[in-house]
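The values are calculated or read from the model by the stated rules, or taken from the named source; none is laboratory data. Quick caveat: nothing in here was measured; it's all calculated off a predicted structure. With ideal geometry, Cβ positions are generated from the backbone for all residues, glycine too; neighbour counts draw on all protein chains shown. The accessibility values were calculated without ligands, DNA or RNA, using every heavy atom of the protein model including side chains. Shrake-Rupley method; radii C 1.70, N 1.55, O 1.52, S 1.80 Å.
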Amino acid sequence: MNDPDCIFCKIIAGEIPSSKVYEDETLFAFKDIQPVAPVHILIVPKKHIPGVNEFSPEDEPIAGKLFSAARKIAADQGVAGDGYRLVVNTGKHGRQSVDHLHLHLIGGKRLEVSLG
Ligand code: AMP
């Protein structure tokens, strides 16, 4: 495990249960425990990167894989056609609550306009 105090590292390690929807050598994806829409998936790198501010040039391949996984998961979840929202919250003002980089994939209904 990358960070023994990180809840998402524990989920990736199988120490905390989750509803997994996707996994490969780089990424792990599971249903958000407090969904804000019919489809709400968190896609996380297996590497413990606390957030965008800690994302380094050597991590750049992970960003591409996150988008490719989002496309695949959106299709698998049946929301690709009608669309969806991808969100990365960062820091206090961004209301990031778990310090392990993650991409929210939110869809299954027409979302609110407001992002702020
Ligand atoms: P953020 O606020 O962007 O850091 O998002 C963290 C997300 O993690 C929130 O939407 C939480 O509902 C979700 N979350 C926290 N703990 C768990 C868990 N054990 N299983 C699934 N989702 C979780």
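Please verify whether the stretch 57-77 includes one or more residues that are away from the ligand (no atom under 16 Å from the Cβ), in a loop (DSSP other than H, G, I, E, B) and open to solvent by less than 50 Å² (accessible area, probe 1.4 Å). Within the stretch 57-77, none of the residues are away from the ligand (no atom under 16 Å from the Cβ), in a loop (DSSP other than H, G, I, E, B) and open to solvent by less than 50 Å² (accessible area, probe 1.4 Å). Of all residues in the stretch 8-28, those that are under 20 Å from residue 68 (Cβ atoms) have Cβ atoms under 6 Å from Cβ atoms of residues that are assigned to a loop (DSSP other than H, G, I, E, B) and away from the ligand (no atom under 11 Å from the Cβ), 6 or more apart or on another chain, in 12/46; 28/46. Taking the conditions (1) open to solvent by 30 Å² or more (accessible area, probe 1.4 Å); (2) within 10 Å of the ligand (Cβ to nearest atom) in turn, residue 103 satisfies each one other than (1). Is it the case, given these coordinates, that residue 4 is open to solvent by 40 Å² or more (accessible area, probe 1.4 Å), over 22 Å from residue 84 (Cα atoms), at pLDDT below 95 and not hydrophobic (A, V, I, L, M, F, W, C)? It is true that residue 4 is open to solvent by 40 Å² or more (accessible area, probe 1.4 Å), over 22 Å from residue 84 (Cα atoms), at pLDDT below 95 and not hydrophobic (A, V, I, L, M, F, W, C).
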